[in-house]
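The values are calculated or read from the model by the stated rules, or taken from the named source; none is laboratory data. Since this is a predicted model, take the numbers as computed values, not measurements. Cβ sites come from the backbone with ideal geometry, for glycine too, and all protein chains shown count toward neighbours.
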């Protein structure tokens, strides 16, 4: 019997039949949002920490790779089984175990869909701010792996700011508990935040204790239309200087606007080259006052028009235009490279100018939108993968994009992680010494390199 | 020539004369707030990253311990040279290198006094929330080492939430750069938050990039007087449920009140057994509205009296009572063991009852106050160290205190760290496997165990 058949039998037994080696099923766990595909040898669907532990112990014994997987919506290949092995799909561990309304914490399994968790806590008048664009289908486990952010990070921070403690399984199969169930805690090294953002390479999270907040009583949303991207960019940091921290400041460039012009629910004139979507929250009075203040402020900074939503329908229209963007981009070209660079706020105008230059040089359309409030720009290089010339151009555009980002004091990834697609750029952001320390940490957790190998670090 | 003399000569040369082996100077770097004393062999005062690097490389070559030191205000022995060696006092690296008002970040050296940094950013209309009680003299480097918190953590989080990136020197002398200069960043493992809270055992921080916020336009402060501690505790979590997150919710128990009764600027009747100090901030209107709402809410929850400050003098009075507490405790007994336990909010009343039982059993006064808004209670066991019977009782009280804390789902330290004083309790909070991982990480950074040895982990 081959190793794979024997492994499959063991996995089948551990999970009471929840494992597969059928090619037509395997191929459903071979992809992610990068569009790349690698076939796993087996897919297993554990339902408990004990099963996860047994699976990892078995894989350790056989030195077989295990690749934890949420819903495969990652943008950098984090959940791709690039060397084959066992894909561990966490979809059955999808229970919200506890929402503790007295202590403002929740305990969840990794397979819970982020959007479902949002709704569940909102029913208790509570609020979980991390909100990646994929929240309708991505999982909390995936969000933890990549340290997902989303538009509300300006005021509320990212996933790592909401993870108080973890139950996780080491590659050896040993179960560990990190962090706390309380608001504060500093005992020992911060294993919790080390595992968050480690892209499933250090341990498999089986439970997370998350901090939740009271749901703000009121949210006010507005769209702000500018003639130039510079005016929009300057407005962003000026608002915060006025002692107002909006919960979102999203921005759309001219190409983005062109893609979704008909979705806003209001007319967007041709001379508009940038739109900001700004949201403030708080008590009913505070949110209304801040919204009014921002509205007047934006006009004083040169905004052509401010559309302050006055009802849920208008708010939904503004957001549906923003949310339609990702798919609407395919009007422009069949493929996109979506990079989530971050630059200091004050460098946004310069970065936008440099992106325009890359666009001119390569002739490829580059569409930029994203989280202006924290300098996190989603740059979409649009191309046709089947055209070898465009493929080469797209790759050179990406090289330039990251070079400019780093030159301006930025980072190659604000929320998507390194995975496989940014692996070659990591050594441009960090030196050898930092990467050696990271590799050393990987070895402490995973001495046989069986957990999600070939990610983040070259030749890993 | 002895090793120490030869080391001293080298350190003297590296730092252009800023090193000492004079006993009367060494003894000034032998203590911390635990009251324990260990003499270093040499004290050195580097002024630059390059000097720190040379000192560590030298120490590595000779396998001599280096103990980084801020201002020695730590509560758990983190900066004590328990095995002798070189104390590296960071007091000359006390420059605020940059306050970037466009990008809301600051770059600082580790020896900057926290309170000085507060004032410096406030002059630009900005705000750095972490605010340990020792902020008038503690340093940002020490705050990073312990992941300091303070009263504003309820709304604003702790030190780790404000550290974007670090420059640090490894025990080998190699200089590393971690994290980002931007609001978001997830490239590679989170070395930044691993070093924050590592109590100076992994690397010596030489520069930190900190996130700063706009200064809230208005702060409203109130003192809320209760007949019972239970009413006070229930009020805390109820306020947050009302969708208001105060920036501080401090609490004082009966013994605390007795210590500073005359300092409040208003009469505190004898039947008052608990006081909450609550602060809200925001725009002028929002803060006023929230303060009024909380005031009425507290009265509805059984508060005897709410004193809402109407001017800076009244605010200062309320805080000066709270701040006088630490020293006023010595009215009760000559020595104190100050423990910064954290329990879930809803367990505060039960914890307070259990502390009363410990008090009854041991006969030692235990005074509790602290950050009720995040469940972080500072328990002060008052005793006379010179009385062997009291010493034994105090130690058994501490054992009981931690046992109850962990039983209620809490942690042994919310902001002081483990150091040497809580070392024996760490294995009660974490299992062997977690601690082995932490020791493994220590070895990656510090293979020869020269940096602040003998801290956090037993036999380290």
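Quick rundown of the values:
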| quantity | calculated |
| --- | --- |
| Residue within the range B:178-198 that is more than 7 Å from chain A (Cβ to nearest Cβ), touching a helix residue (DSSP H, G or I) at 6+ places or on another chain (Cβ under 6 Å) and either in a helix (DSSP H, G or I) or touching a residue at least 60 places away in the same chain (Cβ under 8 Å) (or both) present | no |
| Verdict on residue A:240 being within 9 Å of chain B (Cβ to nearest Cβ) and either crowded, with 21+ Cβ neighbours inside 10 Å or at pLDDT below 95 (or both) | yes |
| Residue check, residue B:356 touching a strand residue (DSSP E or B) at 6+ places or on another chain (Cβ under 9 Å), more than 14 Å from chain A (Cβ to nearest Cβ), at pLDDT below 95 and farther than 24 Å from residue A:165 by Cα | yes |
| Residues being within 10 Å of chain B (Cβ to nearest Cβ), in contact with a helix residue (DSSP H, G or I) (Cβ under 9 Å, 6 or more places away or on another chain) and crowded, with 16+ Cβ neighbours inside 10 Å - total across the range A:441-460 | 5 |
| Residue within the range A:138-157 that is at positive phi and out of contact with any strand residue (DSSP E or B) (no Cβ under 8 Å at 6 or more places or on another chain) present | yes |
| Hits in the range A:4-32 - residues which are within 14 Å of residue A:66 (Cβ to Cβ) and either free of Cβ contacts under 8 Å to residues at least 12 places away in the same chain or touching a helix residue (DSSP H, G or I) at 6+ places or on another chain (Cβ under 8 Å) (or both) | A:7, A:10, A:11, A:14, A:15, A:19 |
| Set A:258, A:281: member being without any contact (Cβ under 8 Å) to a residue 12 or more places away in the chain and either part of a helix (DSSP H, G or I) or within 14 Å of chain B (Cβ to nearest Cβ) (or both) | A:258 |
| Subset of the range A:407-425 (residues that are surrounded by 20 or more Cβ atoms within 10 Å (Cβ to Cβ) and within 7 Å of chain B (Cβ to nearest Cβ)) | A:410, A:411, A:412, A:413, A:414, A:415, A:417, A:418 |
| Enumerated strands (runs of 3 or more DSSP E) restricted to the range B:40-133, each holding at least 3 residues that are in contact with a strand residue (DSSP E or B) (Cβ under 6 Å, 6 or more places away or on another chain) and surrounded by 19 or more Cβ atoms within 10 Å (Cβ to Cβ) | B:42-44, B:66-69, B:86-89, B:105-108 |
| Failed item, numbered, when residue B:286 is tested on (1) within 14 Å of chain A (Cβ to nearest Cβ); (2) buried (at least 18 other Cβ atoms within 10 Å of the Cβ); (3) under 30 Å from residue A:165 (Cβ atoms) | (3) |
| So residue B:149, is it crowded, with 24+ Cβ neighbours inside 10 Å, closer than 28 Å to residue B:278 by Cβ and facing another protein chain (nearest Cβ under 8 Å) | yes |
| Those residues of the range A:329-351 which are more than 17 Å from residue A:422 (Cβ to Cβ), more than 14 Å from every other protein chain (Cβ to nearest Cβ) and buried (at least 21 other Cβ atoms within 10 Å of the Cβ), in sequence order | A:329 |
| Residue A:140 modelled with pLDDT of 95 or more, away from chain B (no Cβ under 12 Å) and over 24 Å from residue B:345 (Cα atoms) | yes |
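Here's the yes/no breakdown for (1) closer than 18 Å to residue B:320 by Cβ; (2) modelled with pLDDT of 95 or more; (3) buried (at least 18 other Cβ atoms within 10 Å of the Cβ); (4) touching a strand residue (DSSP E or B) at 6+ places or on another chain (Cβ under 8 Å):
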{"residue": "B:225", "(1), (2), (3), (4)": "yes, yes, yes, yes"}
{"residue": "B:228", "(1), (2), (3), (4)": "no, no, no, yes"}
{"residue": "B:232", "(1), (2), (3), (4)": "no, no, yes, yes"}
{"residue": "B:236", "(1), (2), (3), (4)": "no, no, yes, yes"}
{"residue": "B:258", "(1), (2), (3), (4)": "yes, no, no, no"}
{"residue": "B:267", "(1), (2), (3), (4)": "yes, no, no, no"}
{"residue": "B:279", "(1), (2), (3), (4)": "yes, yes, yes, yes"}
{"residue": "B:302", "(1), (2), (3), (4)": "no, no, no, yes"}
{"residue": "B:307", "(1), (2), (3), (4)": "yes, yes, yes, yes"}
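Here is a yes/no grid of residues against (1) within 8 Å of another protein chain (Cβ to nearest Cβ); (2) surrounded by fewer than 23 Cβ atoms within 10 Å (Cβ to Cβ); (3) in a strand (DSSP E or B); (4) in contact (Cβ under 8 Å) with a residue 60 or more places away in the chain:
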position: B:165; (1), (2), (3), (4): no, yes, yes, no
position: B:172; (1), (2), (3), (4): no, yes, no, yes
position: B:176; (1), (2), (3), (4): yes, yes, yes, no
position: B:205; (1), (2), (3), (4): no, no, yes, yes
position: B:209; (1), (2), (3), (4): no, no, yes, yes
